[in-house]
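Remarks on the structure that follows.
The values are calculated or read from the model by the stated rules, or taken from the named source; none is laboratory data. All values derive from a computational prediction rather than experimental measurement. Positions of Cβ are backbone-derived with ideal geometry, glycine not excepted, and every protein chain shown enters the neighbour counts. Keep in mind that these areas ignore ligands, DNA and RNA; they rest on the heavy atoms of the full protein, side chains included. Shrake-Rupley method; radii C 1.70, N 1.55, O 1.52, S 1.80 Å.
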Amino acid sequence: MVTRTVAFVGLGRMGGPMAVNLVKAGHRVLGYDVVPEAVDAAAASGVEPAGSAAEAATEADVVITMLPAGRHVLDLYGGQGLLASARPGTLFVDCSTIDVADARAAHGAARAAGHRALDAPVSGGVVGAEAGTLTFMAGGGAEEFAAAGPFLSAMGGKVVHCGAAGAGQAAKICNNMILGISMIGVSEAFVLAESLGLDHQALYDVASTASGQCWALTVNCPVPGPVPGSPANRDYRPGFAAPLMAKDLNLAANALRAGGVDAQLGLKAAELYAAFAEGDGTGLDFSAIVRTIRGSGASTASTASTASAKETTTNGTAP
């Protein structure tokens, strides 16, 4: 393998382990993050700290970004930032999860500055980032995809070329809409099972090998016990944090509205996760939404019981 110099901007809970896996693959990695502690943590595993994002890009063969939102990517690309600092023809790979329109704008800005670009968001969460088993969904030209391949493979277990600019982001928001809806459905099923006196393990043993089987059940099971590695067994410490799911579902909801797609479950999932992330779900794994469903159900049951008692009394049949 040919050793390359990689600039990695965004060394958070996902980006930090990804950068470290590039080091393990034999690349020289120059890292930058606005949070000094994140830089220090990456440096402890071989990432070379850079004084700024632009400084990291000046020596790089490839620039990888892992940032919170599209505005952060476009801001860093603009002005005297990454695009202006990099050598002509540098490959820019954005692994952030952002709006499709922002991804296409980033592609356009990179090409206008004489560079190559690929959007390559990921699936697999912090566990996948640490293990190097992420799935990459890439959008861009065939040449850019081939050039990015060795770097993406060093960080992930599967790399899929989804199409032209923005296609990677499109695949990501569609995938996470499926995941968000699935987790709500699985959580509702477990809460229903509780109300019917059905044991968690019994439901899991049936559904995990029947038509209810899905990733939200067999990998990220929202109740403790059946899947020892799921966040439910560590008090819902993320994993994939609820605010990140809310962000991704909001991107999906915006795309649904813009495209005139009648996807009622997707919009409802976005609504539920937005409320959860802003309330009790802050800092928790997205599977902890089972707590909200369980609490809402108890409240509804109490209301229904009270209403039933009043009706019985009115009809004169109370004991």
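Put TYR204, TYR32, TYR273 in order of accessible area, highest first, and with a 1.4 Å probe you get TYR32, TYR204, TYR273. Rg ratio for region 127-227: its Cα radius of gyration over 2.2 N^0.38 Å, N being its residue count, equals 1.39. Looking at the chain alone, DSSP beta bridges between its own residues are antiparallel in about 15 percent of cases.
If you take all C-alpha pairs in region 24-152, what percent of them are over 17 Å apart?
Values: 4781 of 8256 pairs.
Roughly 58 percent, rounded to a whole number.
Region 171-232: percent of C-alpha pairs farther apart than 16 Å? Counting every Cα pair in region 171-232, those more than 16 Å apart make up 41 percent. Kindly write out, for region 270-282 in residue order, the coupling ³J(HN,Hα) from the Karplus curve 6.51 cos²θ - 1.76 cosθ + 1.60 (θ = phi - 60°), rounded to whole Hz, with x marking Gly and Pro. These are the phi-based 3J(HN,Hα) values: 4, 5, 5, 6, 4, 5, 5, 5, 7, x, 5, x, 4 Hz. Across the options PHE151, HIS115, SER187, the greatest Cα extent toward the positive end of the charge dipole of the chain (unit charges at beta carbon of Lys, Arg, Asp, Glu) belongs to HIS115. Rounded to the nearest 10 degrees, the angle from helix 242-259 to the longest Cα principal axis of the chain is 80 degrees.
Computed from label points 7 Å out along Cα-Cβ, the spacing between ALA202 and ALA258 is 4.8 nm. Note on the chain: percent of Cα-Cα distances in each 10 Å bin, starting at 0 and stopping at the bin with the largest distance, equals 6, 24, 30, 20, 11, 4, 2, 1, 0.
Once Rg and the Kirkwood radius are both taken over the C-alpha atoms of region 40-102, their ratio Rg/Rh works out to 0.98.
The three principal axes of the C-alpha atoms in region 213-274 carry coordinate ranges of 41, 24, 13 Å, sorted with the longest axis first.
Lysine pairs in the chain whose alpha-carbon atoms fall under 19 angstrom of each other, counting only those eight or more residues apart or on distinct chains, come to 5.
In this view, the solvent-accessible surface of VAL34, computed with a 1.4 Å probe and all protein chains in place, comes to about 120 Å².
Note on the chain: with a GNM built from Cα contacts shorter than 10 Å, the maximum mean-square fluctuation among ALA146, ALA38, ALA120 falls on ALA146.
Across LYS268, LYS158, LYS172, LYS247, the residue with the most accessible area heads the list, and the full order at a 1.4 Å probe is LYS158, LYS268, LYS247, LYS172.
Averaged per residue, the chain has 45 square angstrom of accessible surface, using a 1.4 angstrom probe with ligands and nucleic acids left out.
What part of the accessible area of the chain, given as a whole %, is carbon or sulfur when the probe is 1.4 angstrom? Carbon-and-sulfur percentage of accessible area, whole number: 58.
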